[in-house]
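For reference, the structure discussed in these notes is given below.
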Amino acid sequence: MSCFESSTFLKDPRVMDQEILKKACARLNWTFRTVPEQNQQVLYVYDVNQKSKLYGEFALKVVDNIVTYNSYYLKNGRELIKALEDQFYQLNVAYAEQTIVNKFKPMGFKQVPDDQFVPTSTEVMRFRMVAYSEMLGETDESVEIEFTIKNDGTIVSDSNYIPADIHLLADKAMEGIDKAFGTIRLEGEHIKRKPIPAKYRDKAYCKASQLQQH
């Protein structure tokens, strides 16, 4: 996480955090169950709103956060069968929102809706994660990181100035999103720098040369 950056998280369809996935399914009223198999917890997910018959089959299963898609529904994790495309997109959107909240909330951030946002066919959700700096002498105490979720579950973040103490917390949260998404963000490709206003050039703590490429 850097000051004045836009970052894109493209979810790897082969990776899903079980606990986050459970909450996403609950939000969509999808059914799921966990069962122990060979000393591992396996999560099975069923779509209760699908148009095609399930015949008792699962839509996907997750072992150690690695996803297996039922070949009846998906040819592979990246190629959706048209009949279930809408349902899996809904799941990805719910998963994306839950991931952001799960990773930022323990760091002291609060989710705040964007009342001005109007969903489109490609951008379906937007909100901010807000926190407050406790650094002595910091004049820009309020921090807002904007998140836009696209219809396929892709996350785009946007940040401006972030005080040093919040910066460290945001770093940890963004690393958590990477892990839950199975992503490797690259500088210049997924991480885009924005111009730093003159008033912040001596306060922007994170420079591109100081960042590790995720």
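Any read-out appearing in this document is the output of simple, stated calculations on the displayed coordinates, not a laboratory observation. None of these values were measured; they are calculated from a predicted model. For neighbour counting, all protein chains shown are included, and Cβ atoms are generated from backbone atoms with ideal geometry for every residue, glycine included.
Within 10 Å of each residue's Cβ, count the other Cβ atoms and sort Thr139, Thr154, Thr99 from fewest upward.
Values: Thr139 8, Thr154 18, Thr99 29.
Fewest-to-most Cβ neighbours within 10 Å comes out as Thr139, Thr154, Thr99.
Sort Tyr46, Tyr132 so that the residue with the fewest other Cβ atoms within 10 Å of its own Cβ comes first and the one with the most comes last.
Tyr132, Tyr46
Which whole-number percentage describes the relative contact order of segment 136-184, with Cα contacts under 8 Å and a sequence gap of 6 or more? Working shown, then result.
Values: 26 pairs, mean separation 13.5, N = 49.
Computed value for segment 136-184: 28 percent relative contact order.
For segment 5-210, what log10 I(q)/I(0) values come out of the Debye formula at q = 0.12, 0.15, 0.16 1/Å, with one point per alpha carbon and no solvent?
The Debye formula, applied to the Cα set alone, gives -0.67, -0.96, -1.07.
Output the pairs from Lys23/Lys194; Lys150/Lys194; Lys105/Lys203; Lys61/Lys192; Lys23/Lys172 with a Cα-Cα distance over 27 Å in this structure; if there are none, say none.
Table pairs above 27 Å Cα-Cα are Lys23/Lys194; Lys61/Lys192.
What is the spin-label model distance, in nm, from Gln41 to Val15 if the labels are put 7 Å beyond Cα along the C-beta direction?
2.0 nm
Between Val130 and Phe117, how many nm apart are label points set 7 Å from Cα along the C-beta direction?
Reported label-point gap for Val130 and Phe117 is 1.4 nm.
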